[in-house]
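The values are calculated or read from the model by the stated rules, or taken from the named source; none is laboratory data. Quick caveat: nothing in here was measured; it's all calculated off a predicted structure. In this analysis, Cβ positions are derived from the backbone assuming ideal geometry, glycine residues included, and neighbour counts consider all displayed protein chains.
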Amino acid sequence: MAGLIFRRAPPEESGQARNVNTFAGSRRSEPPAPQGSVRAEPIGDEHLATATTVEPTRRDFLYIATGAVAAVGAAAVVWPLISQMSPDASTLALASTEVDIGAIPEGQIVTIKWRGKPVFIRHRTAQEIASAEKTDWETLPDPQPDSARVQKPQWLIVVGVCTHLGCIPLGHAGEYDGWFCPCHGSVYDTSGRIRKGPAPRNLLVPGYAFLTDTKVKIG
Amino acid sequence: MHGLSTFEPKSGAVKWLEARLPILSFMHGSFVAYPTPKNLNYWWTFGAILSFMLIAQIVTGVVLAMHYTPDSTLAFSSVEKIMRDVNWGWMLRYAHGNGASMFFFAVYIHMFRGIYYGSYKAPREVLWILGVIIFLLMMATGFMGYVLPWGQMSFWGATVITNLFSAVPWVGDDITVWLWGGYSVDNPTLNRFYALHYLLPFVIVAVVALHVWALHVCGQNNPDGVEIQDVEKDCVPFTPHATMKDAFGIACFLLLYCWFIFYIPNYLGDADNYIQANPMKTPPHIVPEWYFLPYYAILRAIPNKLFGVIAMFSSIALLAFLPWLDTSKVRSAKYRPTFKIFFWLFVVCGVGLGYLGAMPADGGYVLAARILTLAYFAFFLVVLPMLGLREQTLPVPATIADAVLAKSGSASSVAAGAASAPQTKG
Amino acid sequence: MALTKKLGFAAAAMFGAVAFSTIALRAAEEGGHAEQPNPDRQSWSFSGPFGTYDQAQLQRGFKIYKEVCSNCHGLNIPFRTLSQPGGPSFTEEQVKTLAATYTVHDGPNLAGDMFDRPGRPSDYFPQPFPNPEAAAAALGAPPPDMSLLAKARKYERGFPAFVFDALPIPGGMYQELGPDYIYGILNGYTKADDPNWNLIFPGHKIAMGKPLEAGQVEYTDGTPTTLPQYAKDVSSFLYWAAEPTLDQRKRVGARVMLFLIVLATLLFYTKKKVWSDVVH
């Protein structure tokens, strides 16, 4: 098969081709033989002297050192190529957002954009807070008490992405008046916890902090 | 011309693969056992340097493509975002831009090596022509790549060069409009240049594969221009001899490359390309990148638009005919003292044309460009054909082994081969 | 030729080249001609292989931009870059405060209206004019944006100066043509009776009248408030705006060059060892 691609040596030179075997075989990249390899012809004395008197450890050290330095270089080249795919400075600058919540009336859900996704900020009524707190949370599909999901009970902040397959649930909908996801019927309560339907987890609570009573920093 | 049969699969897994796709023995035959002439000098490392640069440009290009936007309203600022916001973006951009220059620098040396040592002569004509095709593809790729940042020079360089196509009789204007995708260089032009700039390097990879295949059929040329007679005496296995020599060559080349990237990254570029493209304002001097300057000088030297274009394209196309233009029976300039002189004059002519390409096209520069253009064409059409028939050449060694022994003959007590007389150095 | 002899010649050649180049470089500095002189080369803290920006100088330069240049010239960089390392390096709090002093257009809000709000660090410096046409209508010619100005300006170096500009010799590695040009322009209003005549500007007729006078901007760190000092500081700031990663680039460069020298040396000796028993 290879003969189709490469010019095959004519038969009378096959003897030489076999010489190429040993000639090439002795030079394969394995740990170098301590003494000089098979040579096809005599060479000058000074070259012979160099080849036979060098110690294997010194020659090995050179090869090992070169290989190690080259490997370090390869790693140093690869690192920026990987790092450039990480979020760049402009994306990191938008990694957190400050929201003024002073104007949101009780009972209303406001949707803001954070890291490219919707975030629900719900100013909960006393009734909604009560129904969220008075639940037997240990029996829920994703058990979590309401207190673990809010910093101030009247403010619920959750990422508005259904934990099933990523649709945006509709607010003030579903049996618990929390959220209802129209894609596959997941039902969330007023704490954003999954109650019914295929979603496995509660709506995600992003990291956030109250800078003032009316200003919250998300992310 | 390779040691395919030397590969002996050791493990069962390798034997299994070899029976189905003998890629390992192929690689071994082509890059490990492959017989390489002993007498190659460092000018022969530029093939490996070019392969390295091709990979470097593709890798840096692909990662830049992850952040670049090929829209005329967004391209310039997307490049600035790469420079300022993307992690290591400044390094990747400078590596890619200066990499193009280094790629051309290496290819010119590689080509001049071929001309000097007669590497284009039989049986390497196809190898040479494939090289010319690679060179043309490189020029197209480089030209389109320079347009992508959408700076003033990007835009106006594209305008000047694409306008050349209107010189074609009758259909010229239609071709130009088709090329532009509009009535001037604009967003459609940018988008299609981006698509093609991404594609062509992979076409180059394919032609390089053919180029290396063609090389491996007949084996390397060498500084003495004599063919390999006895693989044992004339050659060494490619790995580790040529591999390590190429690695050293690449390391030295990288020193030069990194000098540009880290210390003078904007030296080879044009300051005007840091100004966003403005179709209403032409820069005072439109200058292409340095590697196009000799051809730009030839283009401008001819006062007629159509003939200028023809002259420019034929100055490159002429290269393909080199194997037949040169009538000399002796391959290497080492043994052609008269040719050597004309070769160096040709190099000076090329550098001179490059300098003139950067100068404004007026005054004494015009006459100088015309004279050098004439000299350029005369080298191929007059000097090479005539010289081969008339020159006095030095005696060529019979084999590579003889040449090598003659070189070290002064130090060794071994008598030089009967066919080789003591050579004048160089 | 023996290796030592080759190295000896190479060393002699390098020494000769350095000697020749330093002499020739001086001669070559006389670029330009009497009618259109080239700007003089200044010394910059960021030039040369180990150059870095001077943080205090960049802060002064920013002050000049903010108080004088920004009235006409945009600076298309985000506020947050002012607190990045390798630049003026203001604190994040200072940048937040600075950004808030600017008004930025945003919207639409939930009512569908566009609105103005205080700037944030992630915003870009607002442009003084909505578009170049408005700028030209107001001022006669559109003032260029300054984010890349220092890399977008050059002057003809001529032969052989441009050769030495690339070399690793004293006076080589010359990348500061832009700042030298800007410095030259700012100090080039030498005709008191013609506010639009500039010594350095090509053709001498510049649309921008003299923008800076001595004492115009107050410095809080005691630096003299002379025009050349202003020109130095604002040119440095503009070069940072154009090339904010310079410090990192030269730092990484030093390590890369050192690494490559080590690697090349190792590869050289590896090659010699590999070829040691072959006549070549």
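What the table below lists for this structure:
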| read-out | value |
| --- | --- |
| Meets criteria (facing another protein chain (nearest Cβ under 7 Å), closer than 26 Å to B:Phe103 by Cβ, out of contact with any Gly (no Cβ under 9 Å at 6 or more places or on another chain) and touching a residue at least 40 places away in the same chain (Cβ under 8 Å)) for B:Thr243 | no |
| Unique residue being surrounded by 14 or more Cβ atoms within 10 Å (Cβ to Cβ), among the β-branched types (Val, Ile, Thr) and modelled with pLDDT under 60 when the list is A:Thr91, A:Thr50 | A:Thr50 |
| Of all residues in the range B:25-55 being touching a Gly at 6+ places or on another chain (Cβ under 7 Å) and more than 9 Å from every other protein chain (Cβ to nearest Cβ), the one that is farthest from B:Phe248 (Cα to Cα) | B:Met53 |
| Verdict on B:Val177 being among the β-branched types (Val, Ile, Thr) and modelled with pLDDT of 95 or more | yes |
| Residue, farthest from B:Asp270 (Cα to Cα), within the range B:290-307, restricted to residues that are in contact (Cβ under 8 Å) with a residue 12 or more places away in the chain and surrounded by fewer than 17 Cβ atoms within 10 Å (Cβ to Cβ) | B:Leu306 |
| B:Pro149 being buried (at least 20 other Cβ atoms within 10 Å of the Cβ), at pLDDT 95 or above and over 20 Å from the mean Cα position of the chain (by Cα) | yes |
| Scope the range B:260-280; condition more than 7 Å from chain C (Cβ to nearest Cβ), out of contact with any Phe, Trp or Tyr (no Cβ under 9 Å at 6 or more places or on another chain) and surrounded by fewer than 23 Cβ atoms within 10 Å (Cβ to Cβ); matching residues | B:Gly269, B:Met280 |
| Single condition B:Trp344 does not satisfy, out of (1) assigned to a helix (DSSP H, G or I); (2) within 19 Å of B:Val287 (Cα to Cα) | (2) |
| Restricting the range C:126-176 to residues that are in contact with a Gly (Cβ under 7 Å, 6 or more places away or on another chain) and more than 12 Å from every other protein chain (Cβ to nearest Cβ), the residue that is nearest to B:His285 (Cα to Cα) | C:Ala161 |
| Test: C:Phe259 is hydrophobic (A, V, I, L, M, F, W, C) and surrounded by 19 or more Cβ atoms within 10 Å (Cβ to Cβ) | no |
| Single condition C:Phe237 does not satisfy, out of (1) under 27 Å from C:Gln175 (Cβ atoms); (2) loosely packed, with under 14 Cβ neighbours inside 10 Å | (2) |
| Test: residue in the range C:214-222 that is within 21 Å of the chain's Cα centre (by Cα) and buried (at least 17 other Cβ atoms within 10 Å of the Cβ) | no |
| Odd one out for C:Val278 among (1) out of contact with any His (no Cβ under 9 Å at 6 or more places or on another chain); (2) within 11 Å of chain B (Cβ to nearest Cβ) | (1) |
| Cross-chain or 6+ apart pairs with Cβ under 6 Å, the range B:377-399 first and in contact (Cβ under 8 Å) with a residue 12 or more places away in the chain, then surrounded by fewer than 16 Cβ atoms within 10 Å (Cβ to Cβ) | B:Pro385/B:Thr327; B:Gly388/B:Thr327; B:Leu389/B:Thr327; B:Glu391/B:Thr338; B:Pro395/B:Ala421; B:Ala398/B:Ala419; B:Thr399/B:Gln229 |
| Hits in the range B:390-406 - residues which are in a helix (DSSP H, G or I) and more than 29 Å from the chain's Cα centre (by Cα) | B:Arg390, B:Ala401, B:Asp402, B:Leu405, B:Ala406 |
| Residue that is surrounded by the fewest Cβ atoms within 10 Å (Cβ to Cβ) [pool: residues in the range B:221-259 that are modelled with pLDDT under 95 and among the polar types (S, T, N, Q)] | B:Gln229 |
| Residue pairs meeting the criteria (Cβ under 9 Å; at least 6 apart or on separate chains; first away from chain B (no Cβ under 13 Å) and part of a helix (DSSP H, G or I), in the range A:57-83; second modelled with pLDDT under 95 and loosely packed, with under 11 Cβ neighbours inside 10 Å) | A:Asp60/A:Pro31 |
| Residue list for the range B:68-116, restricted to those being within 14 Å of chain A (Cβ to nearest Cβ) and either of a type in the set (S, T, N, Q) or on the phi > 0 side of the Ramachandran plot (or both) | B:Thr69, B:Ser77, B:Ser78, B:Asn87, B:Trp88 |
| Subset of the range B:210-240 [within 16 Å of B:Glu125 (Cα to Cα) and within 14 Å of chain A (Cβ to nearest Cβ)] | B:Leu210, B:Val212, B:Trp213, B:Ala214, B:Leu215, B:His216, B:Val217, B:Cys218, B:Gly219, B:Glu227 |
| Where a residue in the range C:81-107 is within 21 Å of C:Arg60 (Cβ to Cβ) and its partner, wherever it lies, is modelled with pLDDT of 95 or more and charged (D, E, K, R), with Cβ under 6 Å and at least six apart | C:Gly86/C:Asp247 |
| Residue in the range C:71-105 that is surrounded by the most Cβ atoms within 10 Å (Cβ to Cβ), counting only those that are small (Gly, Ala, Ser) and within 12 Å of C:Ser122 (Cα to Cα) | C:Ala99 |
| Residue selected from the range C:245-256 under the condition facing another protein chain (nearest Cβ under 7 Å) and out of contact with any helix residue (DSSP H, G or I) (no Cβ under 6 Å at 6 or more places or on another chain), by the criterion surrounded by the fewest Cβ atoms within 10 Å (Cβ to Cβ) | C:Lys250 |
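Condition check ((1) part of a loop (DSSP other than H, G, I, E, B); (2) surrounded by 11 or more Cβ atoms within 10 Å (Cβ to Cβ); (3) aliphatic (A, V, I, L, M)) across all residues:
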site	(1), (2), (3)
C:Asp113	yes, no, no
C:Ser122	yes, yes, no
C:Arg153	yes, yes, no
C:Val163	no, yes, yes
